[in-house]
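The structure appears below as structure tokens.
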Amino acid sequence: MSAPSIPTAELNQQLKALLQAASESFQQAASLRDLYDLKVRYLGKNGSFSNLMREMAKLSKEERPTFGQAVNEAKAKLEGNYAICETRLTNAEVLTRLTAEKLDMTLPGPVVPNGATHPIYSVTREICSILARLGYAVRTGPMIEKNRYNFEALNIPEDHPARDMQDTFYIDREHVLRTHTSPIQIHVLENEAPPLRVIGFGAVFRRDSDVSHLPNFHQIEGLLVDEKVSMADLKGTISFFVRELFGADLKTRFRPSFFPFTEPSAEVDCSCPVCRGKGCALCKDSGWIEIGGSGLVNPNVFKAAGVEYPRWKGFAFGFGVERMAIIKYGINDIRLFPENDLRFLRQFT
Ligand SMILES: [Zn+2]
């Protein structure tokens, strides 16, 4: 048995100095990483405290427990200090990151290119919303139609020029690309019970192309079916529609005309929305501009669709949407609509 070569007082002194030095270095650690390295240096398996514990072997048997307890208390105190420093540094690092990554809400955002509604659809939507106020509901139909819906049920007989191959895109002997939106009326008359107020619209197709005609253009039309319907009701509806679309000061007039599906039929003119009736290039100095066709539903159409006549009567009217857009926006070439030239389309954003 060897006698103790180091007195307890000296080891206690070393322990005190070590705790002091470790606590101070924890306080001064500049980052979590440094703090962790210091923890390993002082409290690790081969750290300063473990080394000091080894010195305990030099103490007498009686002195060892007291010193061992003192070392453990010092370690516990240091671990408490470590926890405090760790919290402080963690908070500081989070704060630094939050500051560095802070969003500046006043910076302008990235510019997202904004699309716009095509003028054809803007006008269609506007017309629908005007007619909706009169109680009209929207209906659509297929673009490929049976001959029966495109022609026969609309009182367009076999020998009518509209059926000519030069005017119509035939899919096969029985089917065509619809040449007008009127087939929608037949679908509605077959499937819905009067009284009715409906709008049909969409793309139509004809073998035609020049400065004022396109092979693919758009129509919108209205159909009203009720027990008492006259040309006066039709005129009232169209006058309201024209005033709402082009301006309250515009007048409407009917010119007698012929359409297979209406009887009597009338072409609809309104006073020129560009010159307000004074005369300009658009109205060819007449002060009037043609906007569409209309009339009372031909009894043959009711008969073909199975609607009881004369109990039910009706009127119908139709407009070319491109023509409406041309008038409304003062566009001089109908071919601008399908070109999708951005310089043209951007003018409607
Ligand atoms: Zn004019």
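Each value in this text was obtained by applying a stated rule to the coordinates, not by laboratory testing. Because the structure is predicted, anything quoted here is derived from the model rather than measured. Here the Cβ is made from the backbone with ideal geometry for all residues, glycine too, and neighbour counts use every protein chain on show.
Okay, here's what the table says:
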item: Subset of the stretch 246-267 (residues that are within 16 Å of the ligand (Cβ to nearest atom) and at negative phi); result: PHE246, ASP249, LEU250, LYS251, THR252, ARG253
item: Where PRO215 falls short, out of the listed (1) under 28 Å from GLU152 (Cβ atoms); (2) within 16 Å of the ligand (Cβ to nearest atom); result: (2)
item: Breaking point among (1) within 32 Å of the chain's Cα centre (by Cα); (2) closer than 26 Å to PRO256 by Cα, for ASN340; result: (2)
item: Of all residues making up the stretch 110-132, the number that are out of contact with any Phe, Trp or Tyr (no Cβ under 7 Å at 6 or more places or on another chain) and either of a type in the set (Gly, Ala, Ser) or free of Cβ contacts under 8 Å to residues at least 40 places away in the same chain (or both); result: 9
item: Hits in the stretch 268-283 - residues which are among the charged types (D, E, K, R) and near the ligand (Cβ under 8 Å from one of its atoms); result: ARG276, LYS278
item: Check on GLU79, surrounded by 15 or more Cβ atoms within 10 Å (Cβ to Cβ), assigned to a helix (DSSP H, G or I) and not hydroxyl-bearing (Ser, Thr, Tyr); result: no
item: Pairs where the first residue, in the stretch 209-230, is hydroxyl-bearing (Ser, Thr, Tyr) and the second is not in a loop (DSSP other than H, G, I, E, B), C-beta under 8 Å, 6+ apart; result: SER230/LEU296
item: Test: residue in the stretch 141-162 that is within 25 Å of LEU245 (Cβ to Cβ) and surrounded by 11 or more Cβ atoms within 10 Å (Cβ to Cβ); result: yes
item: Only listed residue being exposed (fewer than 15 other Cβ atoms within 10 Å of the Cβ), of a type in the set (A, V, I, L, M) and under 16 Å from GLN219 (Cβ atoms), chosen from VAL188, VAL138, VAL198; result: VAL138
item: Members of the stretch 63-99 that are within 23 Å of SER25 (Cβ to Cβ) and of a type in the set (Gly, Ala, Ser); result: ALA70, ALA74, ALA76, GLY80, ALA83, ALA92
item: Odd one out for LEU234, checked against (1) within 16 Å of the ligand (Cβ to nearest atom); (2) in contact (Cβ under 8 Å) with a residue 12 or more places away in the chain; (3) more than 27 Å from HIS118 (Cβ to Cβ); result: (1)
item: Inter-residue pairs, beta-carbon under 8 Å, first under 30 Å from PRO310 (Cα atoms) and free of Cβ contacts under 8 Å to residues at least 60 places away in the same chain and in the stretch 260-283, second within 11 Å of the ligand (Cβ to nearest atom) and outside any loop (DSSP other than H, G, I, E, B), 6+ apart; result: ASP269/TRP288; ASP269/ILE289
item: Criterion violated by CYS275 - all others in (1) surrounded by 15 or more Cβ atoms within 10 Å (Cβ to Cβ); (2) more than 24 Å from GLY330 (Cα to Cα); (3) within 39 Å of the chain's Cα centre (by Cα) satisfied; result: (2)
item: Failed item, numbered, when ILE289 is tested on (1) within 24 Å of CYS128 (Cβ to Cβ); (2) surrounded by 15 or more Cβ atoms within 10 Å (Cβ to Cβ); (3) away from the ligand (no atom under 16 Å from the Cβ); result: (3)
